[in-house]
Amino acid sequence: MIASEILDYYREGNEEHRLTSSLGRLERIRTLEILDRLLPAPPSRVLDVGGGTGVYAIPLASRGYRVHLIDPVPLHVARARTLSEESNTTLESATIADARSVGLPDAMFDAVLLFGPLYHLTDRGNRIDALAEARRVLVPGGLLLSAYISRFASMCDGILRGRLQDPAFAAIVARDLTDGIHQNPTGRPEWFTTAYFHRPDEIRPEIEAAGFRFENLFAVEGPVWTNQDIDAWLDDAILRERLLQALRRVETEPSLIGASAHLICSARRDV
């Protein structure tokens, strides 16, 4: 079962719009860039687990991938179907399901995306169950791309936006930094919902516990917290490319990975 407060948070429909400006916009640009680099060529079969409203599934389908989307939030699935129809981009399917039990046959996909489920499963055993389910539906040699929120994301965000000045937010950050469990008893949606924030060094052991061969860990946005006018950079073609080049150069730098709000791991099912 998904915690009720998580479902309530996503029923508000904010996730689709989060990725259109500022840090969210950069997250989407960099994630698509990493997908373009690592995914096998179309028409490979891709399962987008926790795919939301199709932010990544629909662009991939437009490029010729055969994409199946699942998500536990009915609003997301309905919206993904609508956006697919409006864009004349066909998703193979869009259904309601849990990352720990996707209800699809063994060895059906060339790649699986887990962009969201692992940071809403606060129990390590549940995260490994979701990873093992992704492994089950991958073909031998298939690619897993899984996303994580950094242990330090709320602290950095709190400093950037001034939220850390609020004692209630400071208490949330203190818990995040202690054990990675992010809980928001205030119900304020801008302070996110129940989640688990990973230390970078926790990711590989979880991947390997589920039977995958770990390949790499990428910082998505990198240390962009230092830039308070990201949209202006992204709107300027020269500055955008300069920023993206810099982030590519440090995306696997161990001393900087934890400074990124989001991380993406690549791994393989060997057998």
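The values are calculated or read from the model by the stated rules, or taken from the named source; none is laboratory data. A quick note: this is a predicted structure, and the numbers were derived from the prediction, not measured. Please note: Cβ atoms are built from the backbone with ideal geometry, for glycine as well, and neighbour counts cover all protein chains shown. Remember, those area values only see protein heavy atoms, side chains included, never the ligands or the DNA or RNA. Shrake-Rupley method; radii C 1.70, N 1.55, O 1.52, S 1.80 Å.
Details
- For segment 24-121, the C-alpha radius of gyration divided by 2.2 N^0.38 Å, with N the number of residues, is 0.99.
- Average accessible surface area per residue within the chain, 1.4 Å rolling probe, Å²: 44
- The stretch between Asp179 and Val271 holds 29.8 nm of extra length on full extension. This uses 0.36 nm per residue minus the Cα-Cα distance.
- Estimated vicinal HN-Hα couplings, Hz - segment 209-222 in sequence order (Karplus 6.51, -1.76, 1.60; Gly, Pro = x): 5, 8, x, 8, 9, 5, 10, 7, 10, 10, 7, 6, 8, x
- Calculated translational diffusion coefficient of segment 190-271 (37 °C, 0.692 mPa s; Stokes-Einstein with Kirkwood radius over alpha-carbon pairs) equals 226 µm²/s.
- Subtracting the Cα-Cα distance of Glu5 and Ala209 from their residue separation scaled by 0.36 nm leaves 70.6 nm.
- Rounded to the nearest 0.05, the FRET efficiency derived from the C-beta distance between Asp229 and Glu33 at R0 = 35 Å is 0.95.
- Carbon plus sulfur fraction of accessible area for the chain, probe 1.4 Å, in percent: 52
- Segment 212-268 and segment 14-65: distance between their alpha carbon centers, rounded to Å: 16
- Quarter of the Cα convex hull surface for segment 78-130, i.e. its orientation-mean projected area (nm²): 4.6
- Amide H partners (placed H, <5 Å) of Gly142, local residues excluded: Arg269
- MRE, 222 nm, helices only [DSSP H, n ≥ 4, -39500 (n - 2.57), over the chain, to nearest 500]: -12500 deg cm²/dmol
- Calculated on the alpha-carbon coordinates, the convex hull of the chain measures out at 121 cubic angstrom per residue.
- Considering only Cα atoms, the convex hull volume of segment 120-231 works out to 127 Å³ per residue.
- Radius of gyration and Dmax over the Cα atoms of segment 44-96, both given in Å: 9.3, 27
- Length-normalised contact order for the chain - Cα pairs under 8 Å, 6+ apart - percent: 19
- Alpha carbon convex hull of segment 140-193, projected area averaged over orientations, nm²: 5.0
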